[in-house]
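J.: Next up is a structure, given as structure tokens.
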Amino acid sequence: MEALKASSFPSFRHPLIPTRNPRTVFDRPILHIPSIEEISTPHIIIHSKKANFKIFTAISPTVPSTEEPLSPDQEVESEKMEEKFDWYAHWYPVVPLCDLDKRRPHAKKVMGVDIVIWWDRNESEWKVFDDSCPHRLAPLSEGRIDQWGRLQCVYHGWCFGGSGDCKFIPQAPRDGPPIHTSKKACVAVYPSCVQNGILWFWPNTDPQYKNIYSEKKPHYIPELDDPSYTNTMICRDIRERKLMDVGAINWHKSCYVPTKADALVVSFRRWLNKYGGTRVDWGTKFSGLLPPTPPREQLFDRYWTHTMNCSSCSLAHKSLNVLEMALQIVSISCIGIVAAAKQGMVSVAARYGLVSVAILCFLASKWLSHFIYKTFRYHDYDHAFR
């Protein structure tokens, strides 16, 4: 600003020069989605030292600058040094309550964390535990809910209460010391809550987050509680491989995103590069490298990724399988009746009728089999003919 005061226009104030307002300090970085005007405008008013420097040098060209403008890659690196998004200090949705069975534990993986969800009938609420028994690290999701409403490990029968404490060790002598009360026998418990008919959990078992729900609740979305609200969920990750080839920071050099419809993508990529280090932090679970692209049958699989986990689709799948079997039985029965009937016992019209029913039931079963496979298991897409 000293150079600006020394200029021959002391009273001149350019409208694009931002004032040095106190910078707002946030506890965590917030993803801001600007409008397309903010993205495409060459002079963006941002309260940062870089924006002031760039505009100032454009207005006062007579003042020599000893600093060189940073490249986009250098800007990203410097921004990453300022703030970083903590991926494990936020609420994450796990599963709709309608898809959970209170009679059994459920295994899930969120943010690379293996968890087990089970219904604690003693406290009348869902619990989220680390899916690992402290005894021999067996998955608790393979266990059961015992008659006292405790989560029981299937390996050696250790039982745990809703707070993660061990209630019973079958191998421990009854007249011996209460070894089940040791802290080493406890299971890690994740903070969890229910909102919008969805179970949420906080992926951090640190004691400081034990009462995080009273301090910070998941974002409430009223539309999810509105029965008239519907949505379409789409997941496409193939393009991430293309970006990895050119480098996550250089995505803007390979992609051409000039329209307003691209504003969300541009904003998210900038936010991810600035606060997320260009990728999701999976902790020590994964290296960050994408695995080889699986076959299309596995990539577009519907049964293991959705049908078996959705109560509605699972019920429909079982019901249609029963109907398919019934059609096949009717078809075989009609053919058997015609073949076993003696000459003269069944009229010609009845014979033709039974044969026709057998053929129709057989064709219906074949069509239904194809429908079940396409709807609930695997359906390939050829966009050239759609």
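The values are calculated or read from the model by the stated rules, or taken from the named source; none is laboratory data. A quick note: this is a predicted structure, and the numbers were derived from the prediction, not measured. Methodologically, a virtual Cβ is constructed for each residue, glycine included, from the backbone with ideal geometry; neighbour enumeration extends over all protein chains shown.
J.: Based on what the data block shows, is Asp120 under 30 Å from Pro222 (Cα atoms) and acidic (Asp, Glu)?
T.: Yes; evaluated as a whole, the condition is true for this residue.
J.: For region 155-187, which residues satisfy the criterion of being in contact (Cβ under 8 Å) with a residue 40 or more places away in the chain and either farther than 18 Å from Glu125 by Cα or of a type in the set (Val, Ile, Thr) (or both)?
T.: Those that are in contact (Cβ under 8 Å) with a residue 40 or more places away in the chain and either farther than 18 Å from Glu125 by Cα or of a type in the set (Val, Ile, Thr) (or both): Lys184, Ala185, Cys186, Val187.
J.: Further, regarding this structure: Please work out if Tyr352 is within 30 Å of Lys109 (Cα to Cα) and among the aromatic types (Phe, Trp, Tyr).
T.: So Tyr352 does not fit the description; no.
J.: Name the pairs: first residue in region 294-309 and within 10 Å of Tyr378 (Cβ to Cβ), second residue in a strand (DSSP E or B) and of a type outside the set (A, V, I, L, M), Cβ to Cβ under 8 Å, at least 6 apart or on different chains?
T.: These pairs meet every condition: Glu297/Tyr378; Phe300/Tyr378; Asp301/Tyr378; Arg302/Tyr378; Tyr303/Tyr378.
J.: Let me ask something additional. Of all residues being more than 25 Å from the chain's Cα centre (by Cα) and among the charged types (D, E, K, R) in region 138-147, which is surrounded by the most Cβ atoms within 10 Å (Cβ to Cβ)? Just the residue, please.
T.: That would be Arg144.
Residue by residue, here is whether (1) of a type in the set (A, V, I, L, M); (2) surrounded by 12 or more Cβ atoms within 10 Å (Cβ to Cβ); (3) not in a loop (DSSP other than H, G, I, E, B) holds:
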site: Ser132; (1), (2), (3): no, yes, no
site: Arg136; (1), (2), (3): no, no, no
site: Tyr155; (1), (2), (3): no, yes, no
site: His180; (1), (2), (3): no, yes, yes
site: Trp200; (1), (2), (3): no, yes, yes
site: Gln208; (1), (2), (3): no, no, yes
site: Lys217; (1), (2), (3): no, yes, no
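J.: Tell me, please, whether a residue that is among the aliphatic types (A, V, I, L, M) and over 30 Å from Phe300 (Cβ atoms) can be found in region 314-329.
T.: The answer is yes; a qualifying residue exists.
J.: For the subset of region 283-323 comprising residues that are surrounded by 11 or more Cβ atoms within 10 Å (Cβ to Cβ) and among the β-branched types (Val, Ile, Thr), which member is farthest from Val110 (Cα to Cα)?
T.: Among those residues, the one meeting the criterion is Thr293.
J.: So which residues in region 157-174 are closer than 16 Å to Arg103 by Cα and in a loop (DSSP other than H, G, I, E, B)?
T.: Gly161, Gly162
J.: Need at least 3 residues that are modelled with pLDDT of 90 or more and within 30 Å of Leu100 (Cβ to Cβ) per element, so show me which helices (runs of 4 or more DSSP H) inside region 287-386 make the cut, counting only ones lying wholly within it.
T.: Once the helices (runs of 4 or more DSSP H) in region 287-386 are filtered for at least 3 residues that are modelled with pLDDT of 90 or more and within 30 Å of Leu100 (Cβ to Cβ), what remains is 311-340, 348-376.
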